[in-house]
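Structure first, commentary second.
The values are calculated or read from the model by the stated rules, or taken from the named source; none is laboratory data. Predicted model, so just to flag it, every value in this text is computed and none were measured. Here Cβ is always computed from backbone atoms with ideal geometry, including for glycine, and neighbour counts include all displayed protein chains.
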Amino acid sequence: MTNQENKINFESPDGSVIASEEFSGPIVVSEWTTIEGVLGVRFKTWKYQDVSAEIVDGSLIEFMPGSMTEPQYVETDHVFDENIQQGKFLLFHITSDGLAVYKYDSSVKEVSFSLQVHQGELMCLYALKENDQPGEIIECEQPGFSLAKLVTVSEGAEIIGDLKIPPEFWQARKMLKEGIEDNLPVDILDMSEEIK
């Protein structure tokens with residue numbers, strides 16, 4: 001999708017080029033939007049100048065250190081591609097195979113990582129407190145976001161659709177909300193260690 005050489009300036013992104021697997025071109029971007037009840041996270045939606053937003057579009061998401069998105073379940077047949085441009089993150093991904101948690105540090109140049117989330121799966125993104133500037137994620141949706149149905153999952157839910165949500169996920173979220181990042185009750189796959 002993107003790499004460290006052609007970063008997008010989140011403050012003035014209009015006209016920046018985003019390349020996905022199928023599309024590439026300059027983008028048009030909205031103003032900042034905040035999410036009610038979610039502290040420290042804001043986003044701008046983007047679309048290609050020359051491609052219908054119903055086909056592909058996305059968001060530029062900014063995270064203050066220690067902030068986290070709500071857990072979201074993809075109800076419709078969409079693919080969300082989460083590409084970390086800047087910062088250190090924990091990415092929670094629940095599929096029919098269970099819970100996976102990835103730790104990613106964008107400053108490790110040898111590692112390129114994006115999280116793909118499909119229909120019937122859940123995601124939650126957390127910016128580690130050690131970030132000294134806002135974390136940045138470039139999200140791409142196919143088909144476009146306007147047709148997607150993302151459902152915010154109620155705290156403590158054990159199941160949504162056919163997806164079982166393990167209690168460790170909620171325990172980890174509670175700890176992170178309280179500012180505790182150590183000894184989370186989940187296995188974390190550190191992507192920078194995978195290359196060694």
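The set of residues in the stretch 17-33 being at pLDDT 95 or above and polar (S, T, N, Q) consists of Ser30, Thr33. Selection of first residues in the stretch 15-43 that are closer than 15 Å to Gln142 by Cα and of second residues that are in a loop (DSSP other than H, G, I, E, B) and of a type in the set (A, V, I, L, M), restricted to Cβ pairs under 7 Å at least 6 apart or on distinct chains, gives the following pairs, ordered by first then second residue: Ala19/Met1; Ser20/Met1; Ser20/Val56; Phe23/Val51; Phe23/Val56. Within the stretch 50-72, being at pLDDT below 95, touching a strand residue (DSSP E or B) at 6+ places or on another chain (Cβ under 9 Å) and part of a loop (DSSP other than H, G, I, E, B) holds for Asp50, Val51, Ala53, Ile55, Val56.
Per the conditions (1) within 14 Å of the chain's Cα centre (by Cα); (2) crowded, with 17+ Cβ neighbours inside 10 Å, the sole criterion not satisfied by His118 is (2).
Output the residue which, of all residues in the stretch 73-84 that are over 10 Å from the mean Cα position of the chain (by Cα) and not in a loop (DSSP other than H, G, I, E, B), is surrounded by the fewest Cβ atoms within 10 Å (Cβ to Cβ).
Taking the candidates together, the pick is Val79.
Contact map, the stretch 84-98: first residue farther than 15 Å from Ser192 by Cβ and among the hydrophobic types (A, V, I, L, M, F, W, C), second residue outside any strand (DSSP E or B) and at pLDDT 95 or above, Cβ cut-off under 7 Å, separation 6 or more or different chains; pairs are Phe92/Phe169; Ile94/Glu121; Ile94/Ile165; Ile94/Phe169. Only a single criterion out of (1) over 17 Å from the mean Cα position of the chain (by Cα); (2) within 17 Å of Met123 (Cβ to Cβ); (3) among the hydrophobic types (A, V, I, L, M, F, W, C) is not satisfied by Phe23, namely (2). Looking only at the stretch 108-128, residues that are more than 19 Å from Phe169 (Cα to Cα) and either charged (D, E, K, R) or touching a Leu at 6+ places or on another chain (Cβ under 6 Å) (or both) come to 2 in all. Residue-level check: of (1) closer than 21 Å to Trp32 by Cβ; (2) loosely packed, with under 15 Cβ neighbours inside 10 Å; (3) among the small types (Gly, Ala, Ser), Ser107 misses just (1).
Within the set Leu189, Leu99, Leu147, the sole residue that is within 27 Å of Thr45 (Cα to Cα) and either surrounded by 11 or more Cβ atoms within 10 Å (Cβ to Cβ) or at pLDDT 95 or above (or both) turns out to be Leu147.
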